[in-house]
Amino acid sequence: MKAYITGAAGRLGQTVFQQLDAIPLVRRASGLPNETITDFSEHSLKKTLEGATHLIHLAGSVKTWDRQALEQANVELTRRLVDASPGNCHITLASSISVYGKTLAEIPAGEETPTNPDSDYARTKLEAEHLVQQKKKHTVLRIGTLYGPQFQDYFNVLRMIENGRMKIFGDGSNRISFVHAEDCASVFPKALKKTGTYVLAGPPATQRQVYTYAAHALGVHPPASYLPVWAGMLLARFQELRGNPRLTREHISILSADRAFDYSKARQELGFSPRPIKRGIEEMVSTYLSRSSP
């Protein structure tokens, strides 16, 4: 097997890379073992990927407020990788449950549920799926809302809960399907041997439950103030206009949308076993507190 991986330096990518014997494709030296530097042009990729049997494609953009960045990173890069890879090369794509939209056609949603992308991010992820599905050998992993110690943007939320400033968007009864990065990464070795689409999203917890688990782990009272979703969207839009927002409209949508997923196919075929969200949040809080202490 000769495998290559994109996005190995990313938050999920670092964890996946530890599970695989793969060569990282990078734009500039990053210190990863056996990395190959490429400008990601089709000519360079065709030369680099000659003889590749597997390609694990994790690279992409989550700048949900930047349509051009999403198009370039999620669609055009995927197109070049698909075109440059050998015909018999198996491609594994890290996609997203965002392709189902914020209002699901059915709950719980599974692999056969109709897609309904309702944002630029979701649309570009679905386009990437369609490109990869042109390959005879492919695996598409529709990943839930990722969390884990390496996702330090959640530390802003923990800090707001700790300081009593976190708001509940809507009434807080909506379900959110998180998945720990380690649990997600653990399925990749088996995914390389499969062809098809899989949902990787853990058991849902309500927005209020998520905040309560975090608050109890922090030793503080859980949030009790509510904010209409539209008001949260407005605040997020102001942050997006300023650039590099801490909270985007996509974040608000994820936190306020009611979504639950059936991951039984991934459990049966890939051994997917997501940890309880309460335990995962407690682990994150432990990391947060250790880094916050003097």
Quick note on Lys63, Lys193, ordering by fewest other C-beta atoms within 10 Å, gives Lys193, Lys63
The extension gain from Ala224 to Arg27, computed as 0.36 nm times the residue separation minus the Cα-Cα distance, is 66.4 nm
With x for Gly and Pro, the residue-by-residue ³J(HN,Hα) of the range 88-100, computed from phi through the Karplus equation 6.51 cos²θ - 1.76 cosθ + 1.60 at θ = phi - 60° and given in whole Hz, is 9, 6, 8, 10, 10, 10, 7, 9, 8, 5, 4, 5, 7
Neighbours of Ser41 by Cβ distance under 13 Å: Lys/Arg at +1, Asp/Glu at -1, summed charge +1
Listing Ile23, Ile161 by rising number of other beta-carbon atoms within 10 angstrom, fewest first, gives Ile23, Ile161
Ordered by fewest other Cβ atoms within 10 Å, a rough proxy for footprinting exposure, Arg67, Arg175 read Arg67, Arg175
Asserting the computed 222 nm helical MRE of the chain (DSSP H runs at least 4 long, -39500 (n - 2.57) per run, divided by residue count, to nearest 500) equals -11000 deg cm²/dmol
In whole angstrom, largest first, the equivalent ellipsoid semi-axes that the Cα gyration tensor gives for the chain are 33, 20, 19
Distance in Å, no decimals, from the C-alpha centre of the range 1-74 to the one of the range 246-294 is 24 Å
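Between Asn163 and Arg267, 0.36 nm times their residue separation minus their Cα-Cα distance comes to what?
Here the answer is 33.6 nm.
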If unit charges are put on Cβ atoms (+1 for Lys and Arg, -1 for Asp and Glu) and the dipole of the chain is taken about its Cα centre, the option from Ala29, Tyr147, Gln134 lying farthest towards the positive end turns out to be Ala29
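For Thr15, what is the net charge nearby, where nearby means another residue's Cβ is under 10 Å from its Cβ and Lys, Arg count +1, Asp, Glu -1? The partial results should precede the final answer.
Numbers: positive: Arg11; negative: Glu182, Asp183.
Charge balance in the 10 Å sphere: -1.
Every number in this text was worked out from the coordinates using simple rules, so none of it is lab data. Note that the structure is predicted; figures quoted are calculated from it, not measured. Reconstructed Cβ throughout: ideal geometry from the backbone, glycine too, with neighbour counts over all protein chains shown.
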